[in-house]
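Heads up: the structure comes next, in structure tokens.
Bear in mind that the values in this text are calculations on the coordinates, not laboratory data. Note that the structure is a prediction, hence the values are computed from the model and not measured. All Cβ positions, glycine included, derive from the backbone under ideal geometry; neighbour counts span all protein chains shown.
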Amino acid sequence: MRRHDPSKPSDSLSPSEIRALSESDFRRGNLISRALAARTPAFRLYWALFTVVVLGYIIAHSSGYLSGYLAFGWTGKFYDFQMHQVRFLMAATMLACGYLWLALGREMVHLLVCYFALCLYFAGTGLARLEVAMGDTPNFIFLSFFLVFHCTCLSLLLLLVREEIRSDVFAPQAQ
């Protein structure tokens, strides 16, 4: 048997290589779980609630349940249907981009503020359009759900901004 030649690669791994492999990204968890672990517990809770609310909207829209209640259901105009489709697409894109931003480990304050502005725009224009579309027979129960949904999204976004600032994500930048 020949002695080990240091110029040739070994068939076995050294202890340091084994440790490096055991600490790989695969074993430590995915990018999103690590990004959420770097934030406060309140941020994780608000992010989960925001995700559930937006996914609930996406599911309600996809099932066709909302079509009869939104402006399209009141006016029957294709314009209102198109506007709702755009809002749906933007909500789905916003959620996907939020998770992508988390996975990239980026600061989320500016993104969340942009989401807040878009959600405020959705609430204002949607409420105005519903008020015009409903005319003299407003459905106060649906308007209440509409306002609660948007106020919940807006509140969660503000809480997410606060918790993003409070989290340790900014600690390495301050040093």
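Could you tell me the convex hull volume per residue, in Å³, taken over the Cα atoms of the range 76-119? Numbers along the way, then the final one.
On the way: hull volume 2.3 nm³, N = 44.
Value for the range 76-119: 52 Å³ per residue.
Tell me the label-point distance for the pair Arg162, Val109, using the 7 Å Cα-to-Cβ offset, in nm and rounded to one decimal.
Simple spin-label model gives 1.6 nm for this pair.
Give me the number: length gained by fully extending Thr152 to Glu131, i.e. 0.36 nm times residue separation minus the C-alpha to C-alpha distance, one decimal in nm.
5.5 nm
Can you give the Kirkwood hydrodynamic radius for the range 51-167, in Å, rounded to one decimal and based on Cα pairs?
About 15.2 Å for the range 51-167.
With the crude spin-label approximation of a point 7 Å out along Cα→Cβ, what separation in nm comes out for Leu31 versus Asn139?
Those two pseudo-labels are separated by 4.1 nm.
Counting other beta carbons within 10 Å of each Cβ, put Tyr46, Tyr121, Tyr99, Tyr57 in order, fewest first.
Tyr121, Tyr99, Tyr57, Tyr46
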